[in-house]
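*Asks:* Quick one: this structure, given as structure tokens, is what I'll be asking you about.
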Amino acid sequence: MIRKIRLFTPGPTPLLPAAQFAMAAAVIARRASLGEYTDEFVRRPEVQELMRRVSIVTNENYDPVPSGASVWDQVVIELTNGERIESERVHRARGHAERPLGAGELFDKFRTCLDAGHMRIAPELLFDRLRKLESLSARELTAMG
């Protein structure tokens, strides 16, 4: 069982409840996408309990390239039996230009966003059109079928 989760990130400290929720969502749902940012999910007892166990530890190891970012971020989980689990030091988030998402991951993220917005268009169709945006006419882009 998790006793405490610490997120190491550069100061100033991000909004604590948002960071606590993101960490709890990542542990419980194995992701922190728009699909988890619902009242129903946030109010789940296990989410609320885990959020209380998250703390933020700020550091001053700023990256000179992206302003305000850390050279690395890290998560440390302390279990009730005393064991510590440390993530790798992450220098760039997944989806950053230096760590791009694969086509399948990008589509999954896109579909999750459409689902959260209750869009009525087929995600595959819109995704394909947006990938070809520079070569499509306005008529082709907005065609319903």
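*Asks:* Determine, from the Cβ-Cβ distance of GLN48 and LEU79 and an R0 of 22 Å, the FRET efficiency 1/(1 + (r/R0)^6), rounded to the nearest 0.05.
*Replies:* With a Förster radius of 22 Å, E is 0.65.
*Asks:* Separate question: Based on alpha-carbon centroids, what's the gap between region 21-75 and region 103-145 in Å, whole number please?
*Replies:* Here the two parts' Cα centres lie 28 Å apart.
Every read-out reported here was derived from the displayed coordinates using simple, explicitly stated rules and does not represent laboratory data. Note that the coordinates shown come from a computational prediction; the quantities given were computed from them, not determined experimentally. Methodologically, a virtual Cβ is constructed for each residue, glycine included, from the backbone with ideal geometry; neighbour enumeration extends over all protein chains shown.
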